[in-house]
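The structure appears below as structure tokens.
The values are calculated or read from the model by the stated rules, or taken from the named source; none is laboratory data. These numbers come from a predicted model, not from an experiment. Please note: Cβ atoms are built from the backbone with ideal geometry, for glycine as well, and neighbour counts cover all protein chains shown.
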Amino acid sequence: MRRQVLIILLTTLIASISCSKDKDVQTKPLESQLLEATKKNNAEMVRALLKQKIKIDEKDSQGRTALLIATRNNDVEIAKLLIEAGADVNIQDQIQDSPLLYAGAEGRLEILKMILKSKPNFKIYNRFGGTALIPAAEKGHVEVVKELVKTPIDINHVNNLGWTALMEAVVLSDGGPVHQQIIQILVDAGANVNIPDRDKVTALTHAKKKGFKEIVAILEKAGAR
């Protein structure tokens, strides 16, 4: 009998704790629920929350909005839901990433295309003082570079290191086919091939020192000195 009573009491306690936890989840602010749902790639929950009155651009402890989290996760579905609901594509987190800047740097092509339709601010820069185009060029995201050069982005912007997108595509690459293609895209889009780095060394000089014959040819054809 005593054992049965203990079992009943234990069962009741567990149920009470479970209900308490459920209640805690339900009473969390909608904004917190949105951030958590986005982090868990729960598109169904995000869709449901967006139907309610909610501050869509609320930030987490790292200063990230739901849209930036979705961009980092490369979650195209949730990013689409958030953008269509009016999420701000320009908000930066604590390390100065924004949805546009992160999508460019990490090659999130599908999300980038959606962000570009939302008229982003191209004069918001990352922690290195650069645009989305500069790391995209450096990291070899060919399709992203193609999209970005169609926009009003400053193709000749110089970051805090003293480098343009073209310069980074030379200095920080292996000179292979991918970066050859990117440099050609930049040249065709009107990049200034003669902007030097802080030491007054041009992209052409760097390319020659590194033995990038194909890139040297592209640059010289474009008038590089």
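Cβ separations smaller than 9 Å between residues 6+ apart or across chains give the following pairs from the stretch 134-152 residues that are on the phi > 0 side of the Ramachandran plot to residues that are among the small types (G, A, S): G140/G107; G140/A169; G140/S173; G140/G176. Here V178 qualifies as under 23 Å from the mean Cα position of the chain (by Cα) and aliphatic (A, V, I, L, M).
Look at the stretch 104-132: where a residue is farther than 20 Å from L166 by Cβ, no partner that is in a loop (DSSP other than H, G, I, E, B) and modelled with pLDDT under 95 sits 6+ places away or on another chain with Cβ atoms under 6 Å. Of the helices (runs of 4 or more DSSP H) entirely within the stretch 164-222, those holding at least 2 residues that are more than 18 Å from K146 (Cα to Cα) and modelled with pLDDT of 95 or more occupy 203-210, 213-221.
None of P135, P152 is part of a helix (DSSP H, G or I) and out of contact with any Cys (no Cβ under 7 Å at 6 or more places or on another chain) except P135. Within the stretch 40-97, being part of a loop (DSSP other than H, G, I, E, B) and among the basic types (K, R) holds for K40, K51, K53, K55, K59, R64. Among the residues of the stretch 115-122, is any surrounded by fewer than 20 Cβ atoms within 10 Å (Cβ to Cβ) and of a type in the set (G, A, S)? Within the stretch 115-122, one or more residues are surrounded by fewer than 20 Cβ atoms within 10 Å (Cβ to Cβ) and of a type in the set (G, A, S).
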